[in-house]
1. For the range 37-46: of the residues being part of a loop (DSSP other than H, G, I, E, B), at pLDDT 85 or above and not acidic (D, E), which is most open to solvent (accessible area, probe 1.4 Å)?
2. Across the range 8-36, which residue is most open to solvent (accessible area, probe 1.4 Å) among those that are β-branched (V, I, T) and in contact with a Phe, Trp or Tyr (Cβ under 8 Å, 6 or more places away or on another chain)?
3. So, in the range 47-77, how many residues would count as being surrounded by fewer than 10 Cβ atoms within 10 Å (Cβ to Cβ), of a type outside the set (D, E) and over 17 Å from V17 (Cβ atoms)?
Amino acid sequence: MFRNEDAKEGYDGEIDVFAVYSPAVEQSYAVPIHNAPNTSMGLRVEPASKQSPNINWADDFLLTDWIEDTRSIQTPDHD
């Protein structure tokens with residue numbers, strides 16, 4: 001089997017989430033693999049001078065929100 005050593009391999013099927021810490025803003029983020037592209041991804045913490053539909057806002061990936069969402073999925077509400 002031929003394998004291109006320069007080819008980038010994705011993480012799909014290998015991980016569930018990327019955990020990222022930014023010391024600049026002292027905040028942690030969680031990026032689920034289904035939200036991450038195959039190449040690279042940046043999280044924007046401040047407004048850009050030029051607007052783009054491809055901006056990934058850091059606040060949309062807060063680790064605390066991801067933990068809360070994960071817990072609510074794993075623990076159904078029993079009334």
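1. Among them, the one singled out is V45.
2. Taking the range 8-36 and keeping what is β-branched (V, I, T), we get 15, 17, 20, 25, 31, 33.
Next cut, in contact with a Phe, Trp or Tyr (Cβ under 8 Å, 6 or more places away or on another chain) only: 17, 20, 31, 33.
On the way: V17: 43, V20: 60, V31: 7, I33: 33 Å².
So, considering only residues that are β-branched (V, I, T) and in contact with a Phe, Trp or Tyr (Cβ under 8 Å, 6 or more places away or on another chain), the one most open to solvent (accessible area, probe 1.4 Å) is V20.
3. So in the range 47-77, the residues surrounded by fewer than 10 Cβ atoms within 10 Å (Cβ to Cβ) come out as 47-54, 71, 73-77.
Imposing the further condition that a residue be of a type outside the set (D, E) reduces the set to 47-54, 71, 73-76.
From what's left, over 17 Å from V17 (Cβ atoms): 47-54, 75-76.
Summing the residues that are surrounded by fewer than 10 Cβ atoms within 10 Å (Cβ to Cβ), of a type outside the set (D, E) and over 17 Å from V17 (Cβ atoms) in the range 47-77 gives 10.
The values are calculated or read from the model by the stated rules, or taken from the named source; none is laboratory data. Predicted model, so just to flag it, every value in this text is computed and none were measured. Neighbour counts are summed over all protein chains in view; Cβ atoms, including those assigned to glycine, are modelled from backbone coordinates with ideal geometry. Only protein heavy atoms, including side chains, enter the accessible area calculation; ligands, DNA and RNA are left aside. Shrake-Rupley method; radii C 1.70, N 1.55, O 1.52, S 1.80 Å.
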